[in-house]
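Input: a single structure, listed below in structure tokens.
The values are calculated or read from the model by the stated rules, or taken from the named source; none is laboratory data. Please read these numbers as outputs of a predicted model, since none were measured by experiment. Reconstructed Cβ throughout: ideal geometry from the backbone, glycine too, with neighbour counts over all protein chains shown.
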Amino acid sequence: MLVEKLAYDVDLTEAVNKMKSTKRKGNICEATEYPKSKDKNYAINHGVMCGAFGGESDKIPSRIAVPLDLLSLDEGLYTLVQTTECRRKVLTVIYANESPG
């Protein structure tokens, strides 16, 4: 998956907590920006180095629960990028598909 490195710098846990406290109009969240992670290893732990040139960092990162807010500005895109589990699971939730069982 090709994405900007910025997609891995967003701290989704803090973002979801922040968005829960902001007011929403219908299905639109009023938050206009996401908080950057203060942890230097946040991006690495969420897979930013996977697929790096030369294969030096192709180890699979540990499974970390990444929160998903369907009403967020990115509609779950950052969660899809940062998840260290199967991305199909995230897409199943985003598109409200039936679980494969």
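Taken across the range 23-37, residues that are at pLDDT 85 or above and in contact with a Lys or Arg (Cβ under 8 Å, 6 or more places away or on another chain) do not occur at all. Restricting attention to the range 48-83, the residues that are under 20 Å from Glu4 (Cα atoms), hydroxyl-bearing (Ser, Thr, Tyr) and at pLDDT below 85 add up to 2.
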